[in-house]
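Asks: Quick one: structure below, then a few questions.
Since every read-out is calculated from the coordinates, none of them should be taken as a lab result. Everything numeric here is computed off the predicted structure, so don't read it as measured data. Cβ coordinates were reconstructed from backbone atoms using ideal geometry, including for glycine residues, and neighbour counts include every protein chain displayed.
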Amino acid sequence: MMKVVCRILLASYVFFAAVAAPTRRSPSTSSSTRALLQPSNRQEPASSQPAESTESSTSNSSGSEELASKMEKDLEMNFNKIAPFGKEDTAQELQDHASKTQDVLVDAVENAEVAEIKRAVFRALTRLRAATIKEFDTIARLQTQSIDAYNDAHHYRGENPLTHLHEDEPPVETDKLKSFH
């Protein structure tokens, strides 16, 4: 049981050490620890040899205890090399970055809305200007048509005859100031 726990601990340590510093080679991955990670190819002694099995089990238990203590020392020495998971300052940095990113996105959306409003107002004013110009052109055309229609229907000289001044004057003989003639 102790062997399995030690193997699991060592495997997780090697994994996290490799993740934390993939370019460095951890000193704990020596040949003895790599041998621990490999499944054991040793044959257990047969039950027909009870004397040897008790000796080997006591030597195995003392050997496994030594190995476990060595692994604990390795873990304690290299524990500081493992990057901690879920630190508060890391979470705060991520929150700050997310907040800044959200602010940038909100600003971009607001800028897009302002640009869309400006475009819509410009388009509406352009249409209004076009409609206003069209109305003024229509009014001017109708006024010109009315003037042309009046001129076609009326002749000014015919309706307003020209009266010459000499026609309204008395004849020269009746002028009392004959001496000036």
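Asks: Kindly put 159, 169 in sequence by how many other C-beta atoms sit within 10 Å of each C-beta, fewest to most.
Replies: Ascending number of Cβ neighbours within 10 Å: 159, 169.
Asks: With the crude spin-label approximation of a point 7 Å out along Cα→Cβ, what separation in nm comes out for residue 155 versus residue 143?
Replies: Between residue 155 and residue 143, the label points sit 2.9 nm apart.
Asks: Cut-off under 16 Å on the C-alpha distance; same-chain residues fewer than 8 positions from residue 87 excluded. Which aspartates and glutamates are left, in chain and number order?
Replies: Within the straight-line cut-off, residue 87 pairs with 96.
Asks: State, to one decimal in nm, how far the label point of residue 98 lies from the label point of residue 118, with both points 7 Å from Cα in the Cβ direction.
Replies: 3.4
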